[in-house]
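Working notes for the structure below.
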Amino acid sequence: MKNSKKLCFLTLFAVFCAIILSCGSSGGGKAKADTGPGTPTLATGEWMVYNDVESDGGSSTVSIKSAEEIIDGKKVMVHHVTGNVTTKFKYGFAGWGLNADEATTNLYKTAKSFSFWILGDGQRYTIKFKTSNVKDYAYFEYSFNTEKGVPLLIEVPVKFFMQPSWGDSTIMKQSLVTGIEWQTHEVWRKDPNKNPFDIKMWDFTVYN
């Protein structure tokens, strides 16, 4: 009788182990596609820069140069942005953005998230999701830090975008998107040694 019980226990244990191994080999029964952020598409359009000179009477400077570079064995288009943010003007700022083509703009309207690589200078920046229903420039944004000389992959789910506290609160409507821009400003650069900025960015990607 004891041998019969022992055999039954061993049989049940073997079946249990087989089930565990089966689940492990198939990802626990969860499809691989369920864990991803969506379908990636490289954003396309014309890159541009902007600052506080024309609209606000500041003296910040910014320029951008785009050229192909080899990174991790892959040829990519790198956008090198340099400039100087004034701290003499209270709201000094400078930034860059993508004048997206129609196809990319349409992707913005249903995007789940965005990502990009950045080689920074140790300073703080923000990415802005601009929509036409925001009338006071308080666009939805997501701020991030960089590490000097260290490439970082920045991933931004759409739900991470928030309006700054100084603006009139409104609802984020993706369908009214007018563009995506990056910016740095004097609030983060009270030390004159932090006025200059120098970053490289590549592989700006939209996930749908």
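The values are calculated or read from the model by the stated rules, or taken from the named source; none is laboratory data. Just so it is clear, the structure is predicted and the values come from calculations on it, not from any experiment. Cβ coordinates were reconstructed from backbone atoms using ideal geometry, including for glycine residues, and neighbour counts include every protein chain displayed.
For the range 110-127, the tally of residues that are modelled with pLDDT under 95 and assigned to a loop (DSSP other than H, G, I, E, B) stands at 4. Quick one: is LYS130 part of a strand (DSSP E or B) and closer than 13 Å to THR178 by Cβ? Judged against the criteria, LYS130 is a match.
Can you confirm whether GLU46 is farther than 18 Å from TRP182 by Cα and either charged (D, E, K, R) or under 16 Å from the mean Cα position of the chain (by Cα) (or both)? Even if it seems obvious, please write down each step before you answer.
Numbers: farther than 18 Å from TRP182 by Cα: no; either charged (D, E, K, R) or under 16 Å from the mean Cα position of the chain (by Cα) (or both): yes.
It is false that GLU46 is farther than 18 Å from TRP182 by Cα and either charged (D, E, K, R) or under 16 Å from the mean Cα position of the chain (by Cα) (or both).
Residue count for the range 69-90 satisfying the condition of being more than 15 Å from LEU119 (Cα to Cα), in a strand (DSSP E or B) and out of contact with any Ser or Thr (no Cβ under 6 Å at 6 or more places or on another chain): 2. Condition test on VAL49, is it modelled with pLDDT under 95, of a type in the set (A, V, I, L, M) and not in a helix (DSSP H, G or I)? For VAL49, the condition - modelled with pLDDT under 95, of a type in the set (A, V, I, L, M) and not in a helix (DSSP H, G or I) - is not met.
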